[in-house]
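What follows is a single structure, written as structure tokens, with notes after it.
The values are calculated or read from the model by the stated rules, or taken from the named source; none is laboratory data. Note that the structure is predicted; figures quoted are calculated from it, not measured. Here the Cβ is made from the backbone with ideal geometry for all residues, glycine too, and neighbour counts use every protein chain on show.
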Amino acid sequence: MTTLAESALRDVLGDGALLVGGAVRPYLRDATETRGLVGSADAVARPSSVDEVAAVVRRCYEHGIALTPFGGGTGYAGGAVPAGGVVLSLERLTRVRSLAPELWRAEVEAGVRTRDVQRLALENGLWFPPDPGAAEQSQIGGNVATNAGGPHAFKYGVTGAWVTGLEVVLPPGDVVRLGGVRKDVAGYDLLRLLVGSEGTLGVVTAVQLKLVPPPERRAVVVAFCDSVGAGADCVLAAMSSGAQPSALELLDGRAIDITRGALPVEAPAGAALAVLAEVDGSADQVAAGVEDLDEAMAACASSTHRATAPSEVAELWRWREGVGLAADAALGGKVSEDVGVPVERLAAAIELTHEIARRHGLDACAWGHAGDGNLHSTFLFDREDARARARALAAAYELFAGVVALGGTISGEHGLGQVKNGHLRDQWPAAAVALHAGVKELFDPRGLLNPGKKLA
Ligand SMILES: Cc1cc2nc3c(=O)[nH]c(=O)nc-3n(C[C@H](O)[C@H](O)[C@H](O)COP(=O)(O)OP(=O)(O)OC[C@H]3O[C@@H](n4cnc5c(N)ncnc54)[C@H](O)[C@@H]3O)c2cc1C
């Protein structure tokens, strides 16, 4: 039977650009699949130009059809998991619109993969610092829509800090260009409102990016600590060491255990926390930074290790990047959050994670971007065990309340999507929650763009 979605879109897209039936299946899930989330859709639209994106949005708006923007499908909040209607995949918008290395800027379409943006910059003597962990699969449009961060956000900021302009399709199908210069305070900051809006206000079709020359060198000091408190002290010690870390990460004891096979340095048995502090810059800056960091962290650590050769640094980052997948593999199922707390409350947040896990009879680990106070508190369970999954979800909701009490946020990185719907009101005052809903209403009065997501 032909659905409304199919009949509404058939004539606005070229051959092969509208998928229906079983072909929609790969577009029904993102990285929340490990917590059991799978959506439904009548069709997938795969436009190849901004005009086609606008035509799809217009048709859906005319016919009252829900529309879910879909990037690389790596999101951890279920934002791209559709709840019926049409999935709008950006995968065919892959052109580099412009590249001006001498002016440190580029404009790329939304479907360009994050890794390709990073490569493009490096091949032209420049650097795109945002480094979210699924760069081979995620798209720059998805990074903008989630305002993705990564280890180097500590010194260089999250994706939004590198966006100078956006091309977006707004309901009911208008193509709008915002920004385009490095500094712009002319109106309300609509560009920043769209960054991190998780596909609920507009569809990003192209992104103008700022690039910079890469640092000449980098080196990492790893500190192993025998208690969570000592590890958290190490993070603070790194920050006041005199060096400016370019990244400051941590892994707790359980996260060290599940990644031990890939650990390129010797970790003392029973280590409760590992802290990775990276410095970058000129050879002299890096040498001085390593001295400062090592001296400061040695005061709280049971052992420290310096990685200065590029291959050693790369190996350490490979280990760090493997934690998420190792957590997937540990028991098959996980509920992994991205809470944020003031950096001086990190120890409390890690201890809270394990205390909640114990009460729910769950295995847990935590790792994250320590300098930003951003913690991936993760509850592990056997994927086939529905009761354990329910306990893990309950544990995550308890964690949200706990981090808000610590003065933190329920999401430092992944967004609300659908998995955190309704929890922002525990963090924000009622007046801010009302404004949040008012912004959505203004951009999308019929509520058709990614409905059921990012609800305060
Ligand atoms: C192994 C792993 C490591 C990760 N590490 C990090 C990390 O370090 N930091 C971090 O921040 N995140 C991380 N993530 C989460 C994820 O990679 C990011 O949220 C990423 O930015 C999502 O991009 P995507 O293209 O996959 O978007 P999707 O998952 O497809 O979509 C995410 C949201 O953006 C919307 N969207 C997508 N494209 C557009 C568009 N063009 N216009 C409008 N809305 C759009 C979707 O509707 C959805 O709400 C990780 C995920 C995995 C699986």
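When region 407-422 is filtered for residues that are away from the ligand (no atom under 16 Å from the Cβ) and crowded, with 18+ Cβ neighbours inside 10 Å, only Gly408 remains. Residue count for region 394-405 under the criterion of being touching a residue at least 24 places away in the same chain (Cβ under 8 Å) and either of a type in the set (A, V, I, L, M) or in contact with a strand residue (DSSP E or B) (Cβ under 9 Å, 6 or more places away or on another chain) (or both): the result is 8. Got at least one residue in region 7-14 being buried (at least 17 other Cβ atoms within 10 Å of the Cβ), at pLDDT 95 or above, under 29 Å from the mean Cα position of the chain (by Cα) and among the hydrophobic types (A, V, I, L, M, F, W, C)? Scanning region 7-14, I find no residue that is buried (at least 17 other Cβ atoms within 10 Å of the Cβ), at pLDDT 95 or above, under 29 Å from the mean Cα position of the chain (by Cα) and among the hydrophobic types (A, V, I, L, M, F, W, C), so the answer is no. Residue check: is Pro130 at pLDDT 95 or above, within 9 Å of the ligand (Cβ to nearest atom), assigned to a loop (DSSP other than H, G, I, E, B) and under 20 Å from the mean Cα position of the chain (by Cα)? Yes, satisfied. Remark: Gly16 matches the filter, which requires a residue to be away from the ligand (no atom under 11 Å from the Cβ), small (Gly, Ala, Ser) and either within 24 Å of Arg113 (Cβ to Cβ) or part of a loop (DSSP other than H, G, I, E, B) (or both).
Looking at Arg391, is it without any contact (Cβ under 8 Å) to a residue 24 or more places away in the chain and surrounded by fewer than 23 Cβ atoms within 10 Å (Cβ to Cβ)? No, not satisfied. Scanning region 138-170 for residues that are within 11 Å of the ligand (Cβ to nearest atom), small (Gly, Ala, Ser) and outside any helix (DSSP H, G or I) yields Ser138, Ala148, Gly149, Gly150. Of all residues in region 231-266, those being farther than 17 Å from Thr353 by Cβ and either without any contact (Cβ under 8 Å) to a residue 40 or more places away in the chain or out of contact with any helix residue (DSSP H, G or I) (no Cβ under 9 Å at 6 or more places or on another chain) (or both) number 3. All conditions but one from (1) touching a Lys or Arg at 6+ places or on another chain (Cβ under 8 Å); (2) at pLDDT 95 or above apply to Val56; the one that does not is (1). Suppose the filter is surrounded by fewer than 20 Cβ atoms within 10 Å (Cβ to Cβ) and in a strand (DSSP E or B); does Arg177 pass it? Yes. For region 435-451, does any single residue satisfy the condition of being at pLDDT below 95 and in a helix (DSSP H, G or I)? No; the residues of region 435-451 include none that is at pLDDT below 95 and in a helix (DSSP H, G or I).
Has region 406-422 got at least one residue that is in a helix (DSSP H, G or I) and either in contact (Cβ under 8 Å) with a residue 12 or more places away in the chain or among the hydroxyl-bearing types (Ser, Thr, Tyr) (or both)? Checked against the condition, which is being in a helix (DSSP H, G or I) and either in contact (Cβ under 8 Å) with a residue 12 or more places away in the chain or among the hydroxyl-bearing types (Ser, Thr, Tyr) (or both), region 406-422 yields no hits at all.
Tell me the residue from Ala314, Ala269 that is outside any helix (DSSP H, G or I), free of Cβ contacts under 8 Å to residues at least 12 places away in the same chain and surrounded by fewer than 23 Cβ atoms within 10 Å (Cβ to Cβ), please. Of Ala314, Ala269, the one residue that is outside any helix (DSSP H, G or I), free of Cβ contacts under 8 Å to residues at least 12 places away in the same chain and surrounded by fewer than 23 Cβ atoms within 10 Å (Cβ to Cβ) is Ala269. Of all the criteria given as (1) touching a strand residue (DSSP E or B) at 6+ places or on another chain (Cβ under 6 Å); (2) part of a helix (DSSP H, G or I); (3) at pLDDT 95 or above, the one not satisfied by Tyr61 is (1).
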